[in-house]
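The values are calculated or read from the model by the stated rules, or taken from the named source; none is laboratory data. Everything quoted here is computed from the prediction, not taken from an experiment. Reconstructed Cβ throughout: ideal geometry from the backbone, glycine too, with neighbour counts over all protein chains shown. Keep in mind that these areas ignore ligands, DNA and RNA; they rest on the heavy atoms of the full protein, side chains included. Shrake-Rupley method; radii C 1.70, N 1.55, O 1.52, S 1.80 Å.
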Amino acid sequence: MATKPPLPKMDFLQFDWKKLQNFDWRSLKKYTSPQASEDLNKFLEKMPTNVGQTMLIIAAVAWATAGALGLYVTIQVQQLTEMRAELEEAQALKPIVPSISDVAINPAEVRNFSESVKNIYRGIEIKASGSAVALNAKATGDFGQWREAIGHVQNGGSGWRVNVDHLCVGRECKPNPLSATLRINKVSVKNPNS
């Protein structure tokens with residue numbers, strides 16, 4: 001079985017505090033003297049003669065590019081900050097609205113309703129299936145009674161929302177010339193804070 005070689009020592013990551021304490025801070029004084037600023041000024045004045053014109057152009061292009069990039073980044077950050085502030089303001093102004101949804105009604109309630117309506121509309125076949133009611137008539141002559149039965153279902157319960165799933169009227173409808181399936185729901189309002 002091969003063994004892993006030992007990790008190299010990273011002495012350069014360790015800082016020797018004793019050397020820092022022994023450092024002569026007075027040696028930095030020469031960089032803050034008036035003579036140092038004069039030396040820097042002489043160096044910058046002689047730079048065009050000591051350095052070629054090509055190098056100066058390269059340095060100018062590099063500084064101009066860095067300046068343009070810095071300006072672009074500053075503008076983009078400013079626009080991003082403004083957009084963030086607008087978004088926060090828009091979210092603060094957005095009202096809290098309850099959510100409204102349709103919920104299927106209890107099938108037992110639909111079954112009880114259909115049983116009570118069967119005695120009123122004797123020529124109409126009324127069947128409850130879950131939260132839906134099917135209304136069928138064998139002849140087109142029962143149209144008036146069939147239409148009234150549909151209206152009765154639509155007004156049948158408190159808070160009912162009735163949607164038409166299937167509707168067929170005419171002799172071409174098989175097996176019943178008058179057939180409708182109505183799905184019954186109730187409105188549910190939920191508060192988003194709860």
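State whether the residues of the stretch 171-180 include one that is modelled with pLDDT under 90 and either of a type in the set (Gly, Ala, Ser) or within 42 Å of the chain's Cα centre (by Cα) (or both).
Scanning the stretch 171-180 turns up no residue that is modelled with pLDDT under 90 and either of a type in the set (Gly, Ala, Ser) or within 42 Å of the chain's Cα centre (by Cα) (or both).
Could we say that Pro95 is open to solvent by 70 Å² or more (accessible area, probe 1.4 Å) and either part of a helix (DSSP H, G or I) or in contact with a Ser or Thr (Cβ under 8 Å, 6 or more places away or on another chain) (or both) here?
So Pro95 fails the test.
Right, Glu125: among the acidic types (Asp, Glu), more than 18 Å from Asp165 (Cβ to Cβ) and free of Cβ contacts under 8 Å to residues at least 60 places away in the same chain or not?
No: the conditions fail for Glu125.
Residue check: is Ala108 open to solvent by 70 Å² or more (accessible area, probe 1.4 Å), part of a helix (DSSP H, G or I) and either at pLDDT below 85 or of a type outside the set (Lys, Arg) (or both)?
no
Might you let me know whether the stretch 125-138 holds any residue that is over 44 Å from the mean Cα position of the chain (by Cα) and charged (D, E, K, R)?
yes
Can you name the residue in the stretch 145-170 that is in a loop (DSSP other than H, G, I, E, B) and either basic (Lys, Arg) or on the phi > 0 side of the Ramachandran plot (or both) and is also modelled with the highest pLDDT among such residues?
Gly170
Conditions tested, residue by residue: (1) of a type in the set (Val, Ile, Thr); (2) closer than 15 Å to Thr181 by Cα; (3) open to solvent by 60 Å² or more (accessible area, probe 1.4 Å).
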{"site": "Gln78", "(1), (2), (3)": "no, no, yes"}
{"site": "Ile120", "(1), (2), (3)": "yes, no, yes"}
{"site": "Asn136", "(1), (2), (3)": "no, yes, no"}
{"site": "Gly151", "(1), (2), (3)": "no, yes, no"}
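Could you list, in sequence order, the residues of the stretch 168-188 that are within 14 Å of Ile126 (Cα to Cα) and open to solvent by 70 Å² or more (accessible area, probe 1.4 Å)?
Arg183
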